[in-house]
Each structure stands twice: as C-alpha cells, then as structure tokens.
Amino acid sequence: MQKFLQLDFLPRSADFGLLVLRVWLGAAMVILHGWGKLTALFSGNNPFEHAVLGIPPWPAFILATFAESVCAVLLVIGLWTRLASLFLVVTMAVAFFVAHGMALSGPGSGLIAFLYLAGFTVILVAGGGKFSVDGK
C-alpha cells in the first residue's frame, strides 16, 4: 500500500519529466495555435490588427507563427531546445502581458498564455534533458 501511496511505480526521473513537458506543451502549441496561424499565413490572412511592441502586424504575425509552429516542433523533438523555448517564452510573454493585459479570468483571459509561459520557462531553464536530440 505504501508503494501505491508514494507512487513508486512511476519512474522518478527529471529527464523523463522534461520529455513529457516538452512533448505535451510543444504538441499542444502546434496543434492548438501554430497550425491555425500557419494556415492563415499561407492563405494571406493576418488576424493581428495592430502593431505589437512597435512591430507592424505582418512581421509580428510571422514571428508568432514561427514560434508557435517551428519552435514548438523543435521543442517536441528536443532539437535546439533552449533556443526554441526562448522564442516561445517571448511569444507567450507578449501574449500574456500585451495582448491579454495580464488578465487571468474573464473574457479575453490570458490564462492559457500564462500557463504556457510557465512551462516554456521551465524548459528554457532546465534544457531538454537526456531524452532529447540535444541530450544525445
């Protein structure tokens, strides 16, 4: 019973935890955010209406699309993990602080950007771990 209560049947590995975090967050970012931005980009639509931190709408949209698709895929496979997570941290920080005005509840909430920001910051600090292309 003690083994069950302490969850000893699960592997205790920070590297395995980083693998799960990288794949989970990276795949979610690509599927839920990056893919939509990629299809919008290739169809010539730009959902960004205003400049972001002085960057005009189109370049800002291209940078966000790059981070949420290319960098997220790099995160999943663990290639250039810290650099990819840096792009994602900056993108999520802009999304949370600027686009959503630091709102954690209510309409236009930035809660998802805030949670992504936390996860990507952990990966930026810790790296990809040994179960990544970088770790080989």
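The values are calculated or read from the model by the stated rules, or taken from the named source; none is laboratory data. Since this is a predicted model, take the numbers as computed values, not measurements. Note that we place each Cβ from the backbone using ideal geometry, even for glycine, and neighbour counts take in every protein chain shown.
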task: Look at P59 and say whether it is on the phi < 0 side of the Ramachandran plot and not in a helix (DSSP H, G or I).
output: no
message: If the requirement is being in a helix (DSSP H, G or I) and either modelled with pLDDT under 95 or touching a Lys or Arg at 6+ places or on another chain (Cβ under 6 Å) (or both), which of these qualifies: T65, T91, T121?
response: T65
statement: Contact list, first residue from the stretch 44-73 and under 29 Å from R22 (Cβ atoms), second anywhere and at pLDDT 95 or above and part of a loop (DSSP other than H, G, I, E, B), beta-carbon distance below 9 Å, six or more apart or interchain, is C71/W80; V73/L79
query: Out of the residues in the stretch 7-19 that are surrounded by 10 or more Cβ atoms within 10 Å (Cβ to Cβ) and modelled with pLDDT under 95, which is nearest to M92 (Cα to Cα)?
result: G17
- prompt: Do you know which of the residues in the stretch 33-56 that are loosely packed, with under 14 Cβ neighbours inside 10 Å and part of a helix (DSSP H, G or I) is farthest from the chain's Cα centre (by Cα)?
  reply: F42
- prompt: Which of the following residues is on the phi > 0 side of the Ramachandran plot, at pLDDT below 95 and not β-branched (V, I, T): G54, G78?
  reply: G54
